[in-house]
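Asker: First the structure, then my questions, so here it is.
What follows draws every value from the coordinates through simple rules; no lab data is involved. Since we're looking at a predicted model, the values are computed, not measured. Glycine gets a Cβ as well: all are built from the backbone with ideal geometry, and neighbour counts include every protein chain shown.
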Amino acid sequence: MTELKQKLDRRKKDRFFGFTVDTKLKQLPPCQSKKCEADFLLFYERAKKYISEKCVFSDTSFHSKVAKLGLTTAVPFEDYNAAVQACNLDIDMDGLYEEYAMVEGSFSSPEMEGCHSEERYLKLFSKADVPLVNLRKISA
């Protein structure tokens, strides 16, 4: 969500509404074009306000804790613990720790480079010798 907010900020600053819209705006009379532009800028503001109200952008927010489970970087066990608590999941934390210890090295392996979150989890689950029940609950 932070990325979306940044994109909206940049589009507003640059007054960019997409190539097709920009082309159509140039075909309108100047007064009508300016009114449309003002409406689009207002839309960006409303979208940013909505995102800010619905998503907390702090390190302690629910979204921040859950986002770390995307496996885009090495994930310390404490982040799993925080996410489980934030989501109020019924997980065997001792079992999760054991599963985490089994697959921890895989998080930063060269095989994971360039993979999206879903692909990373799929690779972890497909190569595991045990069912990784708790990790599966978290990834769902």
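Asker: Among 50, 100, 121, which one shows the highest mean-square fluctuation when the chain is modelled as a Gaussian network with alpha-carbon springs under 10 Å?
Answerer: Result for the chain, Cα springs under 10 Å: 50 fluctuates most.
Asker: Then there's this: Roughly how tilted is helix 93-103, in degrees to the nearest 10 and between 0 and 90, from the longest Cα axis of the chain?
Answerer: With both axes taken from Cα atoms, the answer is about 80 degrees.
Asker: I've got another one for you. Which whole-angstrom value gives the distance between the alpha carbon centres of the stretch 1-17 and the stretch 78-140?
Answerer: 33
Asker: Another one. If the only charges are +1 at each Lys and Arg Cβ and -1 at each Asp and Glu Cβ, what is the size of the charge dipole of the chain around the Cα centre, to the nearest 20 debye? Please list the in-between numbers first.
Answerer: Details: 22 positive and 22 negative charges, 299 e Å.
The dipole of the chain has a size of about 1440 debye.
Asker: Can you tell me which of 18, 95, 105 moves the most in a GNM of the chain? Springs connect C-alpha atoms under 10 Å apart.
Answerer: 18
Asker: Follow-up. Going through the cross-link list 7/137; 49/123; 7/35, which pairs have a Cα-Cα distance over 30 Å in this structure? Walk me through the numbers on the way to the answer.
Answerer: Details: 7/137 32 Å; 49/123 38 Å; 7/35 22 Å.
From the list (7/137; 49/123; 7/35), the Cα-Cα distance tops 30 Å for 7/137; 49/123.
Asker: Placing +1 at every Lys and Arg Cβ and -1 at every Asp and Glu Cβ, with all other atoms neutral, what dipole size does the stretch 62-139 have around its Cα centre, in debye to the nearest 20? It would help to have the intermediate numbers written out before the result.
Answerer: On the way: 7 positive and 13 negative charges, 52 e Å.
Dipole of the stretch 62-139, to the nearest 20 debye: 240 debye.
Asker: Further question: Magnitude of the Cβ-charge dipole of the stretch 2-54, K/R +1 and D/E -1, about the Cα centre, nearest 20 debye? Walk me through the numbers before you get to the answer.
Answerer: On the way: 15 positive and 8 negative charges, 10 e Å.
For the stretch 2-54, the charge dipole is close to 40 debye.
Asker: Right, next: Taking only DSSP H segments of four or more residues, each worth -39500 (n - 2.57), what value at 222 nm results for the chain once the sum is divided by all its residues, to the nearest 500 deg cm²/dmol?
Answerer: Using -39500 (n - 2.57) per qualifying helix, the result is -20500 deg cm²/dmol.
Asker: May I pose another question? Relative to the longest principal Cα axis of the chain, at what angle does helix 2-14 sit, 0 to 90 degrees, rounded to 10?
Answerer: That works out to roughly 20 degrees.
Asker: With angles folded into 0 to 90 degrees, how steeply does helix 30-54 sit against the dominant principal axis of the chain? Use alpha carbons for both and round to 10.
Answerer: In the chain, helix 30-54 runs at an angle near 20 degrees to the longest axis.
Asker: Net charge within 14 Å of residue 3 by Cβ-Cβ distance, Lys/Arg positive one each and Asp/Glu negative one each, not counting residue 3 itself? Present the calculation step by step, with values, prior to reporting the outcome.
Answerer: Values: positive: 5, 7, 10, 11, 48; negative: 9.
Taking every other residue near residue 3 into account, the sum is +4.
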